[in-house]
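Quick notes on the structure that follows.
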Amino acid sequence: MDISWYGHSFFEINGKIDGERVTIAIDPYGKSTGLRPKKTRTDILLLSHEHEDHSNKKAVSGFELDGKIKEPFLINEPGEYEAKGVKVKGISSFHDDNFGEERGENIIFIIEVEGIKVCHMGDFGQKELSKEQADDIVGVDVLLIPVGGLFTISGKEAAKIVGQVEPKIAIPMHYKIPGITLKIEDEKSFLNVIGVKEKEKFKKLKLKKSELDRKEGTEILIMEKT
């Protein structure tokens, strides 16, 4: 499995199911972020909620099939899905800590590819996971978690959730990077609280289930926007 980060909360996951390549895109952003949206092709499109910085459908298109472009399989509601051999579970959550009254609802996605479970938390704004959410998320292999505060959880709150979930790898997202105009914080608060110094950034993360299973503890990885 390969994971690429296009900035903000926009990730692309590539893997192979029964020898065939499959691509999943998650939360493509629009121009309101100040960033230039990455154009990409995908088989499956996941949208955690409909805010413009997470739901730019124009940034993605499907692959050509029999001379026509096939639309991506869209998942933008909670529930359990399977498409092209990829299992996806959408878990209801809130964009704020006031039961969605301030910013609405949000979907946490758990995506299983090549036996690896990746959890993308979208714009999670609750200060803590509910018991039901934790039951689904605890123990995933890779956790993609917002850390920029203001619109989502803060770096301190994110660090607490990482400790609760205990993934093999945790990757921060939705934080201030060059070019972004949203008033959010950078990743430094999260790294300070969790006790990690600035480290090498990865352009593309290549993962194997067998290697993840041998890992002990949680590794914090910082990705470079591609």
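Under unit Cβ charges (Lys, Arg +1; Asp, Glu -1), what dipole magnitude, rounded to 20 debye, does segment 57-111 have relative to its Cα centre?
Working: 8 positive and 11 negative charges, 83 e Å.
With only Lys, Arg, Asp and Glu charged at Cβ, the dipole is about 400 debye.
Taking a ≥ b ≥ c as the square roots of the Cα gyration tensor eigenvalues, with a/c under 1.5 meaning rounded and otherwise prolate when a/b beats b/c, else oblate, which class fits segment 1-63? Let's see the in-between values first.
Details: a/c = 2.26, a/b = 2.04, b/c = 1.11.
Prolate is the answer for segment 1-63, as a/c is 1.5 or above and a/b outweighs b/c.
Between L191, L212, L65, which gets the highest mean-square fluctuation from a Gaussian network model of the chain, Cα cutoff 10 Å?
Judging by the Gaussian network model, the answer is L65.
Mind ranking D213, D53, D136, D96 by accessible surface for me, highest first, 1.4 Å probe?
Highest to lowest solvent-accessible surface, that is D213, D136, D53, D96.
For a quick size check, give me the Cα extents of the chain along its three principal axes, largest first, whole Å.
51, 41, 35
Taking the Cα centre of the chain as origin, work out the dipole magnitude from +1 charges on Lys and Arg Cβ and -1 charges on Asp and Glu Cβ, in debye rounded to 20.
Rounded to the nearest 20 debye, it is 1020 debye.
Past 32 Å, Cα to Cα: identify those pairs from K89/K188; K58/K201; K70/K168, in the order given.
K70/K168
Which value, in debye to the nearest 20, describes the size of the charge dipole of segment 1-134 about its Cα centre when Lys and Arg Cβ atoms bear +1, Asp and Glu Cβ atoms bear -1, and nothing else is charged?
Once rounded to the nearest 20, the dipole reads 580 debye.
Looking only at G15, G155, G79, which one moves most when the chain is put into a Gaussian network model with springs between Cα atoms under 10 Å?
In this elastic network of the chain, the residue with the biggest mean-square fluctuation among G15, G155, G79 is G79.
Which whole-number percent is the relative contact order of segment 69-186 (Cα, under 8 Å, 6+ apart)?
18
In angstroms, what radius of gyration and Dmax does segment 33-154 have, counting Cα atoms only?
According to the Cα coordinates of segment 33-154, Rg and Dmax are 15.2, 48 Å.
Just to confirm a number: summing +1 for Lys and Arg and -1 for Asp and Glu over residues other than F63 whose beta-carbon lies under 12 angstrom from that of F63, what do you get? Each step should come with its number before you reach the end.
Working: positive: R21, R41, K68, K70, K84; negative: E20, D43, E64, D66, E71.
Local charge sum for F63: 0.
Could you derive backbone 3J(HN,Hα) for segment 15-29 from the dihedral phi with the Karplus parameters 6.51, -1.76 and 1.60 (θ = phi - 60°), listing whole Hz in sequence and x where the residue is Gly or Pro?
Using θ = phi - 60°, the values come out as x, 10, 10, 6, x, 9, 6, 9, 10, 10, 10, 10, 6, x, 9 Hz.
Return the single residue from G90, G122, G19 with maximal mean-square fluctuation; model: Gaussian network over the chain, springs between Cα atoms under 10 Å.
G19
How about segment 1-102: which chymotrypsin sites (Phe, Trp or Tyr not before Pro) there are in a DSSP loop, with at most 11 other Cβ atoms within 10 Å of their Cβ? Walk me through the numbers before you get to the answer.
On the way: sites: W5, Y6, F10, F11, Y29, F63, F73, Y81, F94, F99; in loops: Y6, F10, Y29, F63, F99.
In loop regions of segment 1-102 (DSSP not H, G, I, E or B), the sparsely surrounded chymotrypsin sites (Phe, Trp or Tyr not before Pro) are F99.
Could you please put T218, T23 in sequence from largest to smallest accessible area, using a 1.4 Å probe?
Largest to smallest exposure gives the sequence T218, T23.
The values are calculated or read from the model by the stated rules, or taken from the named source; none is laboratory data. Quick caveat: nothing in here was measured; it's all calculated off a predicted structure. Every residue, glycine as well, gets a Cβ built from its backbone with ideal geometry; the counts of neighbours run over all protein chains shown. Calculation scope for accessible area: heavy atoms of the full protein, side chains included, ligands and nucleic acids excluded. Shrake-Rupley method; radii C 1.70, N 1.55, O 1.52, S 1.80 Å.
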